[in-house]
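Engineer: Take this structure first; my questions come after.
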Amino acid sequence: MFIATASSELAISALTQAEVMVHPHRADILEEFERNIAGLQWDVQGIDARDARELAILRAETSLRMPDLVVLQLALKLGAGLATTDATLAREATHKGLEVCAPAVTPLVSTNR
C-alpha cells in the first residue's frame, strides 16, 4: 500500500500500533499479524508528558481526533513524512508542511516537497 515508504525508516506511535492491532485481535489473528508486520522494523515511539503541550495545541488548531493527532504530532516531532489513507489527516499534515503519502486521497493532497 505504501510502497513509496519502503526505503524510509518507519516510526509509529505506541497508540497507533495499538489501534492497528485491534481488528486482528478481534479476528483472533493477532499473533499472525504481529509476525507479518515484524519485517517492517518500525520504531515504536512512546507518548510522554513532553508531548502533551504540542498535542493540546494541535487539537485546538485542527479538527482531528486524538489518534490522528498523535500521528501528526509524531511526524512533526521527527521532521518526517506521513503516510495515511485519511483525507482529513492528510490535509492537516500538508497544511503543516509535511510530505504526505496518501494513495487513497491523492487528488485531495498536494505535497510541499
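Engineer: Hey, does segment 40-59 have a residue that's among the acidic types (Asp, Glu) and at positive phi? Outline the logic, then answer.
Structural biologist: At the first step, the residues of segment 40-59 found to be among the acidic types (Asp, Glu) are 43, 48, 51, 54.
Restricting the remaining residues to those that are at positive phi gives none.
No, every residue in segment 40-59 fails to be among the acidic types (Asp, Glu) and at positive phi.
Engineer: Criterion first (surrounded by 10 or more Cβ atoms within 10 Å (Cβ to Cβ), within 18 Å of the chain's Cα centre (by Cα) and either modelled with pLDDT of 95 or more or assigned to a helix (DSSP H, G or I) (or both)) does residue 19 satisfy it? Talk me through it step by step, then tell me what you get.
Structural biologist: Values: surrounded by 10 or more Cβ atoms within 10 Å (Cβ to Cβ): yes; within 18 Å of the chain's Cα centre (by Cα): yes; either modelled with pLDDT of 95 or more or assigned to a helix (DSSP H, G or I) (or both): yes.
Yes; evaluated as a whole, the condition is true for this residue.
Engineer: Only one of these is in contact with a strand residue (DSSP E or B) (Cβ under 8 Å, 6 or more places away or on another chain), part of a helix (DSSP H, G or I) and free of Cβ contacts under 8 Å to residues at least 24 places away in the same chain: 60, 52, 75. Name it.
Structural biologist: Working: 60 fails: in contact with a strand residue (DSSP E or B) (Cβ under 8 Å, 6 or more places away or on another chain); 52 fails: in contact with a strand residue (DSSP E or B) (Cβ under 8 Å, 6 or more places away or on another chain).
75 is the lone residue from the list that is in contact with a strand residue (DSSP E or B) (Cβ under 8 Å, 6 or more places away or on another chain), part of a helix (DSSP H, G or I) and free of Cβ contacts under 8 Å to residues at least 24 places away in the same chain.
Engineer: Of all residues in segment 39-59 being farther than 23 Å from residue 96 by Cβ and either surrounded by 14 or more Cβ atoms within 10 Å (Cβ to Cβ) or within 17 Å of the chain's Cα centre (by Cα) (or both), which is modelled with the lowest pLDDT?
Structural biologist: 40
Engineer: Any chance you could count how many residues in segment 38-52 are over 18 Å from residue 67 (Cβ atoms) and among the hydrophobic types (A, V, I, L, M, F, W, C)?
Structural biologist: Initially, segment 38-52 is screened for residues over 18 Å from residue 67 (Cβ atoms), giving 38-41, 43, 49-50.
Of the ones still in play, those that are also among the hydrophobic types (A, V, I, L, M, F, W, C) are 38, 40, 49.
The number of residues fulfilling the criteria is 3.
Engineer: Looking at (1) among the aliphatic types (A, V, I, L, M); (2) within 20 Å of residue 12 (Cβ to Cβ); (3) at pLDDT 95 or above, which one does residue 105 not meet, given that it meets all the others?
Structural biologist: (3)
Engineer: With respect to residue 111, is the statement that it is assigned to a loop (DSSP other than H, G, I, E, B) and either at pLDDT 95 or above or within 20 Å of residue 20 (Cα to Cα) (or both) true? Spell out the reasoning first.
Structural biologist: On the way: assigned to a loop (DSSP other than H, G, I, E, B): yes; either at pLDDT 95 or above or within 20 Å of residue 20 (Cα to Cα) (or both): no.
So residue 111 fails the test.
Engineer: Report, by residue number, each residue of segment 63-72 that is surrounded by 14 or more Cβ atoms within 10 Å (Cβ to Cβ) and assigned to a helix (DSSP H, G or I). Give the derivation first.
Structural biologist: First, the residues of segment 63-72 that are surrounded by 14 or more Cβ atoms within 10 Å (Cβ to Cβ): 64, 67-72.
Correct list: 67, 68, 69, 70, 71, 72.
Engineer: Follow-up question, since we're still on this one. Please verify whether residue 72 is at pLDDT 95 or above and under 20 Å from residue 8 (Cα atoms), treating the condition exactly as stated. Spell out how you get there, then give the answer.
Structural biologist: Values: at pLDDT 95 or above: yes; under 20 Å from residue 8 (Cα atoms): yes.
So residue 72 fits the description; yes.
The values are calculated or read from the model by the stated rules, or taken from the named source; none is laboratory data. What you are looking at is a predicted structure, and each value in this text was computed from that prediction instead of being measured. Note that each Cβ is placed from the backbone with ideal geometry, even for glycine, and that neighbours are counted across all protein chains shown.
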